[in-house]
Structure formats: C-alpha cells, structure tokens
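Report on one structure; see the data block that follows.
The values are calculated or read from the model by the stated rules, or taken from the named source; none is laboratory data. Owing to the predicted nature of the structure, the values given are computational and were not obtained by experimental measurement. Reconstructed Cβ throughout: ideal geometry from the backbone, glycine too, with neighbour counts over all protein chains shown.
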C-alpha cells in the first residue's frame, strides 16, 4: 500500500528537489499534493487527506507550527514531518510538542527523506542526526531565549503584528498592502523591531518569532 504524501515548502526549487528524490527512490511513496504555504496545505487536506505531511517550518500565511495544530484538528491520526533549515533545539521541541512525528534538516533531506517518511508513517519518530544529538546530550530542558535578545514585551502590538508577518514570509511591499501602511512606515517598524530585540538578521527574526509562538490574528 502506497504512502500518500503532501509536500509543502514556499521554495519551488526545494519542493522540486524533494519530489525528484521521492519519485526516484520512494517506490512505496506517492505525492498527492504540493503547497507553498500552510493555508494551501489545509485546503488540500480537507478534500484529499494524506498519510504523511512534509511541512517547511517557515512558510508564508501560516507557518509550519501553526499548520501542525490545525492539521491535527482535521485528522488527529495524520503523521507530520517537519522540513527545516533551522536546527534550533527549541524549534524542534515546539514542533514535537505540537504533534510533529519527525524533524528533518534540509541540508540532509535528499539523503534521509525516504526513510523519514517511512518511519513516521509507521508511527515512529524520526530526527536528523544533528537533532538527535541534542536529545542524547540532555538538552530537553526548557531553554530561555538567549540573553542577547531583549524581551518580546518591548514590542508594540503593531510591531508584533509585523514581526509575525516577517516570520510568515511577507516582504515589505506585501506588508504595506496588507496593513494599509506606507512602505516607509513598514521600514521604520522593521528597524525598530530589530533595535528593540537586538536582532539584526532576517533569519534570526524568523527564528525568534517562531520560538515565541507569536500569532497574527
């Protein structure tokens, strides 16, 4: 019996690469749907559910963590494999606590994707070796956000809103349209967010937002 998979990543090149590996090596795996964001995943899941969902953790509109929670409400028995460029222990812990069955790093995905899908389908857990190392070394205890970053409470409600949109993959022009703000105002807010949190790289902002569980409502 084939394992039905839905593959979600906002980078088409990544999806194409993973899909090519699965089609070449995964004799018992078929991809029944592809998505570029969490909302598309949910739409597909309602009409054509999969056995295993392979989700990027930093997708636009609805990130991987939020998508896990909503997928589990649609089908509590579905299996979810997170695909991520981030090997941060806190993100791994959040994903697993929210219902993910595995966490696969993009850098090793082409080598591990088939085995990872098969393992989670069998109701087992799969973690990339670098992630497993965290667990083996005893890093399961709750970790505080690095002291170099300031508290989320220093942000205004608008800044929190924009930070969540950044984490969901929106660029400045898209945020300007969505929030009905000038492009200059968006740039000012981005600058203020970075200054308040003492975070000055886009990737670090996304990681921080995911750690904090910030939701845009």
Check: Does any residue in segment 121-132 that is on the phi < 0 side of the Ramachandran plot and assigned to a helix (DSSP H, G or I) come within less than 8 Å, Cβ to Cβ, of a residue that is surrounded by 12 or more Cβ atoms within 10 Å (Cβ to Cβ) and at pLDDT 90 or above six or more places away or on a different chain, and which pairs are these?
Finding: 121/3; 121/51; 121/52; 121/79; 130/105; 131/103; 131/105
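Residue-wise test of (1) touching a strand residue (DSSP E or B) at 6+ places or on another chain (Cβ under 6 Å); (2) at pLDDT 85 or above; (3) buried (at least 18 other Cβ atoms within 10 Å of the Cβ); (4) farther than 24 Å from residue 67 by Cβ.
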| position | (1), (2), (3), (4) |
| --- | --- |
| 153 | no, no, no, yes |
| 156 | no, yes, no, yes |
| 165 | no, yes, yes, no |
| 171 | no, yes, no, no |
| 177 | no, yes, no, no |
| 181 | no, yes, no, yes |
| 194 | no, yes, no, yes |
| 198 | no, yes, no, yes |
| 208 | no, no, yes, no |
Next item on the list: Run down 37, 63 and say which single residue is surrounded by 23 or more Cβ atoms within 10 Å (Cβ to Cβ) and out of contact with any strand residue (DSSP E or B) (no Cβ under 7 Å at 6 or more places or on another chain).
Entry: 63
Check: Looking at segment 4-13, is at least one residue out of contact with any helix residue (DSSP H, G or I) (no Cβ under 9 Å at 6 or more places or on another chain) and part of a strand (DSSP E or B)?
Finding: yes
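Residue-by-condition table, conditions (1) farther than 14 Å from residue 8 by Cβ; (2) touching a strand residue (DSSP E or B) at 6+ places or on another chain (Cβ under 7 Å); (3) modelled with pLDDT of 90 or more:
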| residue | (1), (2), (3) |
| --- | --- |
| 69 | yes, no, yes |
| 76 | yes, no, no |
| 84 | no, yes, yes |
| 124 | yes, no, yes |
| 127 | yes, yes, yes |
| 130 | yes, yes, no |
| 133 | yes, no, no |
| 136 | yes, no, no |
Item checked: Residues that are buried (at least 16 other Cβ atoms within 10 Å of the Cβ) and either without any contact (Cβ under 8 Å) to a residue 40 or more places away in the chain or in contact with a strand residue (DSSP E or B) (Cβ under 6 Å, 6 or more places away or on another chain) (or both), drawn from segment 88-98 -> 92, 95, 96, 98
Checklist line | Which numbered condition residue 23 fails, given (1) in a helix (DSSP H, G or I); (2) within 18 Å of the chain's Cα centre (by Cα) | finding: (2)
